[in-house]
Amino acid sequence: MTLKQTPLNAAHRAMGAKMVDFGGWDMPVNYGSQIDEHHQVRNDCGMFDVSHMRVVDMKGTGGRDFLRYLLANNVDKLTSPGKALYSCMLLDNGGVIDDLIVYFMKEDWFRIVVNAGTADKDIAWMKQQAAQHAPKLVINDHPELAMIAVQGPNARAKVWEALPGSRELTENLIPFSAAEMGTMFIARTGYTGEDGFEVMIPANAAPYFWATLAEKGVKPIGLGARDTLRLEAGMNLYGQDMDETINPLEAGLAWTVDLKSQRDFIGKSALLANPPTRKLVGLVLLDRGVLRGHQKVHTDHGEGEITSGSFSPTLEKSIALARVPIGVQISDTVQVSIRDKMLSAKVVKYPFARNGKGLI
Amino acid sequence: MSNPANLKYTASHEWVKTETDGNISVGITQHAQELLGDMVFVETPAVGRKLKAKEECAVVESVKAAADIYAPVNGVVTAVNSKLDSTPEDINADPYRSWMFRMKPDNPADVAALMDAKAYQAVVDSEAH
């Protein structure tokens, strides 16, 4: 199968990227040292090509009512234009179809950003549900939009340098909100635990923007560091920390599920009928080694499993997210099976690191 | 970086150097460290452990993945490089000086029968396609 390419493919290769097959996309995993790239984002700033993610626009009447029903989080929290909300989209049984960000732009325009690997499935589900519940809503995806995330304490200033006129439009954006700038869309969001922007830009303009950022000294960052940054920031990765077989209450995402309001949403009755028996916790390895996904976790309350694990460059220790029986408490010591050994790990509250600092 | 001509190699990307005392040093190749990326952990075999050729005997872990290291020949472990415990990144910086463990081979002819640098390069090239 031919791998799909983003508009920045040639730029990655020219910058010495090591390219890998990432869910059918030819993407940069690093441009040298993944650990250096990780520190670059925590301490200064870096740029990521996330053009494989998909932008979906919902336009027309009935968007808000439809999203109130479609999403587990409540779009009624979105009251001012530009504000964004993180949510899961659930199956009737409560399993997670995808996690996404929805931006409220106008009462007749909501913009949603979904994961690359699930985009086609997500859009089919949205259209199927809309046919029943919001037949006048127009749902269009925009594979022609590229997306560049610029993240780190100096990220916003670098974007302002690279995009004349952007400072006036975005300086007052509060975290988790967005503004339009011509054909571009600039959101103060990200997946690293650092400040910054995610910029959606037409594909044909993306290489120039990327090159301009590079000229301003912004280093390219691969998907390898993106994963360790999001793990330190305690952010879930779809397909690892949750999927269609896991509900958000057992994936550390209860804070994104609105069960208090009267509104009904897809998956709500299943969540209410099945109180969680497991939960997602953070682990820090006490012994030498590296925690990895699928390793078994042994606790006094039964067995669990690591969903995401790696080495934390900020803490210089191995860290993980693990799904464990609900009785496990913060500060418990658990045992993790790594190859033929049992290693000790401490249960911690995550995030592990954000805004340039370790939190453990 | 080319593969040193004075070393022997395995298809599983270990390099083998015969020391002056007849023991061999084992590490991983430039190609292997490039594939794995930044090293963060090394687990070496116990000194005195008897190994069969192609037996899993050590582990290197990068940020990205764990990889098994295999014994290149039959023999006994005589030493391990404990310096790598604290500086596993040495493997990235200088793979051909970062030996992981030493063995006394049962039969020096087994070492002589391993691939030379040219044959190993052919293995690397074939993997790239």
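The values are calculated or read from the model by the stated rules, or taken from the named source; none is laboratory data. For clarity, every value in this text was computed on a predicted model and none was experimentally measured. All Cβ positions, glycine included, derive from the backbone under ideal geometry; neighbour counts span all protein chains shown.
Figures for the structure shown
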read-out: Residue in the range A:257-276 that is buried (at least 19 other Cβ atoms within 10 Å of the Cβ), in a loop (DSSP other than H, G, I, E, B) and within 14 Å of chain B (Cβ to nearest Cβ) present; value: no
read-out: Some residue of the range A:47-61 being over 22 Å from the mean Cα position of the chain (by Cα) and modelled with pLDDT of 95 or more; value: yes
read-out: Number of the condition not met by residue A:39 [criteria: (1) within 14 Å of chain B (Cβ to nearest Cβ); (2) touching an Asp or Glu at 6+ places or on another chain (Cβ under 8 Å); (3) closer than 22 Å to residue A:153 by Cα]; value: (2)
read-out: Members of the range A:315-338 found to be within 14 Å of another protein chain (Cβ to nearest Cβ) and touching a strand residue (DSSP E or B) at 6+ places or on another chain (Cβ under 7 Å), listed by number; value: A:315, A:317, A:318, A:319, A:320, A:336, A:337
read-out: Any hit, the range A:25-38, residues being within 20 Å of the chain's Cα centre (by Cα), surrounded by fewer than 18 Cβ atoms within 10 Å (Cβ to Cβ) and either in a strand (DSSP E or B) or not β-branched (Val, Ile, Thr) (or both); value: no
read-out: Boolean, residue A:246 is surrounded by 15 or more Cβ atoms within 10 Å (Cβ to Cβ), within 14 Å of chain B (Cβ to nearest Cβ) and out of contact with any helix residue (DSSP H, G or I) (no Cβ under 9 Å at 6 or more places or on another chain); value: no
read-out: Criterion: modelled with pLDDT of 95 or more and farther than 24 Å from residue A:226 by Cα - qualifying residue of A:340, A:300; value: A:300
read-out: Residue match in the range A:48-58 (condition: among the basic types (Lys, Arg), within 27 Å of residue A:218 (Cβ to Cβ) and out of contact with any Cys (no Cβ under 7 Å at 6 or more places or on another chain)); value: yes
read-out: Filter result for residue B:24 (within 14 Å of another protein chain (Cβ to nearest Cβ), out of contact with any Leu (no Cβ under 6 Å at 6 or more places or on another chain) and modelled with pLDDT of 95 or more); value: no
read-out: Residues within the range B:14-33 that are surrounded by fewer than 24 Cβ atoms within 10 Å (Cβ to Cβ) and under 13 Å from residue B:58 (Cβ atoms), tallied; value: 3
read-out: Criterion (in contact with a Lys or Arg (Cβ under 8 Å, 6 or more places away or on another chain) and within 14 Å of chain B (Cβ to nearest Cβ)) met by exactly one of A:31, A:69; value: A:31
read-out: Test set (1) in contact with a His (Cβ under 8 Å, 6 or more places away or on another chain); (2) under 16 Å from residue A:257 (Cβ atoms) - residue A:96 fails condition number; value: (1)
read-out: Residues that are within 18 Å of the chain's Cα centre (by Cα) and part of a strand (DSSP E or B), drawn from the range A:105-128; value: A:111, A:112, A:113, A:114
read-out: Filter result (within 14 Å of chain B (Cβ to nearest Cβ), touching a His at 6+ places or on another chain (Cβ under 7 Å) and closer than 17 Å to residue A:246 by Cβ) within the range A:277-314; value: A:306
read-out: Near pairs, Cβ below 7 angstrom, 6+ apart or cross-chain, from the range A:221-242 (within 14 Å of chain B (Cβ to nearest Cβ)) to any residue that is in a helix (DSSP H, G or I) and surrounded by fewer than 24 Cβ atoms within 10 Å (Cβ to Cβ); value: A:221/A:40
read-out: Subset of the range A:277-288 [closer than 14 Å to residue A:327 by Cα and assigned to a loop (DSSP other than H, G, I, E, B)]; value: A:277
read-out: Residue that is in contact (Cβ under 8 Å) with a residue 40 or more places away in the chain and in contact with a Phe, Trp or Tyr (Cβ under 6 Å, 6 or more places away or on another chain), where the choices are A:330, A:360; value: A:360
read-out: Filter result for residue A:251 (within 14 Å of chain B (Cβ to nearest Cβ), buried (at least 22 other Cβ atoms within 10 Å of the Cβ) and touching a residue at least 24 places away in the same chain (Cβ under 8 Å)); value: no
read-out: In the range A:88-98, the residues that are part of a strand (DSSP E or B) and either hydrophobic (A, V, I, L, M, F, W, C) or closer than 13 Å to residue A:189 by Cβ (or both); value: A:88, A:89, A:90, A:96, A:97
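Conditions (1) closer than 30 Å to residue A:356 by Cα; (2) without any contact (Cβ under 8 Å) to a residue 12 or more places away in the chain; (3) buried (at least 20 other Cβ atoms within 10 Å of the Cβ); (4) in contact with a strand residue (DSSP E or B) (Cβ under 6 Å, 6 or more places away or on another chain), marked per residue:
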site: A:101; (1), (2), (3), (4): yes, no, no, yes
site: A:131; (1), (2), (3), (4): no, yes, no, no
site: A:134; (1), (2), (3), (4): no, no, yes, no
site: A:144; (1), (2), (3), (4): no, no, no, no
site: A:159; (1), (2), (3), (4): yes, no, yes, yes
site: A:162; (1), (2), (3), (4): yes, no, yes, no
site: A:169; (1), (2), (3), (4): yes, no, no, yes
